[in-house]
Amino acid sequence: MIAFDASSESRVARIGAANALGIAFIAGILNVIPYVGPLIGEVVGVILSIILKYTTGVGLAVNFWWFALIVLALMLTAQLVDNFIYQPLIYSTSIKAHPLEIFIVLLIAGHIGGAVGMLVAIPAYTVVRVIASRFFYHCKPVHRLIPDRETLGDSDEEETEMGRS
């Protein structure tokens with residue numbers, strides 16, 4: 001049984017939190033690279049965690065492989081939550097589209113244009129959506145795609161005022 005005094009335990013906790021934030025920052029920066037960035041970030045995160053565990057003594061008291069597997073599982077879980085929950089919600093609230101709509105646009109753009117297509121998919125879709133709502137709103141497919149014009153900043157009052165003048 002190992003006993004820790006309060007000062008060494010708080011010191012170890014602070015070092016662990018700073019290291020975790022640093023690893024998370026590196027993984028987040030690498031996440032910008034399409035397709036392979038998240039994988040590289042996870043590999044770098046696991047390697048840095050293992051190095052920090054054995055150089056500073058911070059980390060779980062398990063063997064090498066279990067520690068690597070636990071860190072990999074935590075990073076993979078965070079990545080999946082980000083990709084499947086946070087990103088569609090952020091995209092959908094920023095351009096006022098349904099998350100499934102965003103997901104389909106990204107899948108189509110990735111299939112057609114690869115990584116570059118996925119990078120330009122959401123801005124291009126936003127432009128097409130605004131133009132369609134402004135000029136082609138009375139067409140049935142556009143009306144079904146964009147049922148509420150107020151969500152895009154358009155309103156019937158602006159149109160009626162413009163028509164009167």
Review point. Filter the range 19-61 for residues that are modelled with pLDDT under 80 and not hydroxyl-bearing (S, T, Y); which is surrounded by the most Cβ atoms within 10 Å (Cβ to Cβ)?
Key: V58
Revision key, fill the gap. In the range 94-106, anything assigned to a helix (DSSP H, G or I) and either surrounded by 15 or more Cβ atoms within 10 Å (Cβ to Cβ) or in contact with a helix residue (DSSP H, G or I) (Cβ under 9 Å, 6 or more places away or on another chain) (or both) is listed as S94, I95, P99, L100, E101, I102, F103, V105, L106
Point to revise | Test: residue in the range 65-84 that is on the phi > 0 side of the Ramachandran plot and either modelled with pLDDT under 80 or in a helix (DSSP H, G or I) (or both) | key: no
Exercise for review: Report, by residue number, each residue of the range 107-133 that is surrounded by 14 or more Cβ atoms within 10 Å (Cβ to Cβ) and over 29 Å from V36 (Cβ atoms).
Suggested key: R129, V130, A132, S133
Study note, to complete from the structure: Contact list, first residue from the range 50-73 and assigned by TED's automatic domain parsing to the domain that holds A18, second anywhere and among the basic types (K, R) and in a helix (DSSP H, G or I), beta-carbon distance below 9 Å, six or more apart or interchain, is G59/K53; L60/K53; F64/K53; F67/K53; V71/K53
Check your understanding: Within the set of pairs 6+ apart or on separate chains, which have a first residue in the range 15-40 that is of a type in the set (S, T, Y), a second that is assigned to a helix (DSSP H, G or I), and C-beta atoms under 8 Å apart?
Key -> Y35/A115
**Study point:** Close pairs from the range 127-148: first assigned to a helix (DSSP H, G or I), partner surrounded by fewer than 10 Cβ atoms within 10 Å (Cβ to Cβ), Cβ under 9 Å, at least 6 apart
**Key:** A132/P141
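The values are calculated or read from the model by the stated rules, or taken from the named source; none is laboratory data. Small disclaimer: the values here were computed from a predicted structure and weren't measured. A quick note on method: Cβ atoms are made from the backbone with ideal geometry, for glycine too, and the neighbour counts reach across all protein chains shown.
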